[in-house]
Amino acid sequence: MVISTTVPVQNSDESVHSTFGSRYVRSCLPRFRMPENSIPKEAAYQIINDELMLDGNPRLNLASFVTTWMEPECDRLMTQAINKNYVDMDEYPVTTELQNRCVNMIAHLFNAPVGEEETAVGVGTVGSSEAIMLAGLAFKRKWQIKRRAEGKPTDKANIVTGANVQVCWEKFARYFEVELKEVKLREGYYVMDPLKAVEMVDENTICVAAILGSTLNGEFEDVKLLNDLLTQKNKETGWNTPIHVDAASGGFIAPFLYPELEWDFRLPLVKSINVSGHKYGLVYAGVGWVVWRSKEDLPEDLIFHINYLGADQPTFTLNFSKGSSQIIGQYYQFIRLGFEGYKNIMENCMENAKALREGIEKTGRFEIVSKEMGVPLLAFALKNTSKHDVFEISDSLRRFGWIVPAYTMPADAQHIAVLRIVVREDFSRSLAERLVSDLQKVLKELDSLPSKVPVPVAPTKADGSENAEKITKYWMKLVAKNKTSGVC
Ligand SMILES: *Cc1c(COP(=O)(O)O)cnc(C)c1O
């Protein structure tokens, strides 16, 4: 009797192959067309998991304000809710109730007036971007209603902001046909100057948008001064121009660390505020909030009443279906941490930011452009004498695993390039110390390399030196680089 020792491949049970010996990992991955045949779930998992290993490590991504760590208990709650469509409010009334409780808590945190006349209203969104679209639309519609009643044209709406606004304001302006009138920055002053902003307000201004926690350097804009100046102008002109506060990053910082700072609904002209739940609200990406001071500030004709799947449900959002997990995660954080917990976490972030700041200052190479009061982040520029630039430092830090973005400032401060490190809850003191020591290593390494910087100083508009053209070209290159690297 002859026993064959070779097993024909086509007859073999695929589950006996080792994962990395199977045909699934031996062929190229489909990229342009859906593959003809199915593959085993284990193989699909392994292939995708392995490709994702090449992404950066979120915990070391110091570019982002967005939460990268939550407690395992909350992870569990959120995973359990992964199959709940948030929009099915009639079917999931408890989830809807949790969102309403979150809105109430945030409105209270932002000192919304309480009384018969004024009751704050708000809604959960995908992030501050959607929240800002909704707030912007409410202002535009209110302005149009008023203008029509006065028999005046409604085709030239504008918003006044600083040139430091986040890109979502530019999106809002373009998508919804509102002109963005930007107050330019200047060297050493990287937020909106309230005096200049109020000067730019005209009869077509639907609102002035102030930022609590500028994306560029974490600085809080002076909303109180803006409110006072604008009140004065409104009195003189009779226009009644309102204020929106973009508190995407600062909305969960200021109430805990600077309760005396008046930036919110305590100021009468502040009609709406947005905040990102997924930034210092401490929830994973996918949740933001917008709150209006009172029902009157949200025009009724923007609200849709749907009874698609049950009872009447008023909604004001840009999309329809979305997950419920983020709302549940937000409610978890509110009740789990309470005011005390948020305060502790924000204080800790600030202390770590301070430790980083000291370490960075000690190198003697940098100018710090973030403020001690503001969002816990470090924005710092190389001193003029440096042979290297911040983009080289950013690239070199990447080799140690750190993701630290470098970018140039907007108009008229675009000759300043900075590095920015956002300090989040999960960035511990030992990581801060480690980062400083890696930064020192990078600086030492760069010192031994030839300079890529053609001349050590940045051009100014008045720069008439023979090198001006060369320098300008160099800076244009930096600006282009910054445009593609993206800052969030
Ligand atoms: C992050 C940010 C935004 C955009 O918020 P998302 O929640 O990411 O959509 C808007 N404005 C400011 C000031 C921000 O920091």
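Only Lys, Arg, Asp and Glu carry charge here, each on its Cβ (+1 for the first two, -1 for the last two); on that basis the chain has a dipole of about 1240 debye about its Cα centre. Highest mean first, the peptides 223-229, 259-265 sorted by other C-beta atoms within 10 Å per residue fall in the order 223-229, 259-265. Backbone amide hydrogens, once placed in the peptide plane, bring T205 within less than 5 Å of N158, excluding anything fewer than 5 places away on its chain. Positive-end ranking of P268, V291, V422 along the dipole of the chain, with charges on Cβ about the Cα centre, is headed by V422. Annotation: the range 86-151 has a Kirkwood hydrodynamic radius of 14.2 angstrom, from the mean reciprocal C-alpha pair distance. The heavy atoms of T119 present about 70 square angstrom of accessible area, all protein chains included, probe 1.4 Å. Taken per residue, the accessible surface of the chain reaches 52 Å², heavy atoms only and a 1.4 Å probe. Remark: the range 12-55 is approximated by an ellipsoid whose semi-axes, taken from the C-alpha gyration tensor as √(5λ), come to 18, 14, 9 Å, largest first. Scaled against 2.2 N^0.38 Å for its residue count N, the alpha carbon radius of gyration of the chain is 1.13. Applied to the range 324-331, the Karplus parametrisation 6.51 cos²θ - 1.76 cosθ + 1.60 on θ = phi - 60° returns per-residue 3J(HN,Hα) values of 9, 4, 5, 5, 5, x, 5, 5 Hz, with x for Gly and Pro.
Entry note: the range 74-123 has Rg to Rh equal to 1.10, where both radii use alpha-carbon atoms and Rh is the Kirkwood radius.
Relative to its Kirkwood radius, the Cα radius of gyration of the range 75-336 gives an Rg/Rh of 0.97. Per-residue Karplus couplings for the range 247-258, computed as 6.51 cos²θ - 1.76 cosθ + 1.60 with θ equal to phi - 60°, are listed in order as 9, 3, 9, x, x, 9, 10, 4, x, 8, 9, 10 Hz, Gly and Pro entered as x. Dividing the helix sum by the residues of the chain, where each DSSP H run of 4 or more adds -39500 (n - 2.57), gives a mean residue ellipticity at 222 nm of -12000 deg cm²/dmol. Each residue of the range 200-216 was assigned a 3J(HN,Hα) from its phi angle through the Karplus curve 6.51 cos²θ - 1.76 cosθ + 1.60 (θ = phi - 60°); the sequence is 7, 5, 10, 5, 9, 7, 7, 5, 9, 9, 9, 10, 9, x, 4, 4, 6 Hz, with glycine and proline shown as x. Residue ranking by accessible heavy-atom surface, 1.4 Å probe, largest first, among H244, H415 comes out as H415, H244. Between the amide H of A413 and those of L185, distances stay under 5 Å, these residues lying 5 or more places away or on another chain, with hydrogens modeled in the peptide plane.
The values are calculated or read from the model by the stated rules, or taken from the named source; none is laboratory data. What you are looking at is a predicted structure, and each value in this text was computed from that prediction instead of being measured. Quick reminder, even Gly has a Cβ in these numbers, built from the backbone with ideal geometry, and neighbours come from all protein chains shown. For the accessible areas, the whole protein counts, side chains as well, though only heavy atoms, and no ligand, DNA or RNA atoms are used. Shrake-Rupley method; radii C 1.70, N 1.55, O 1.52, S 1.80 Å.
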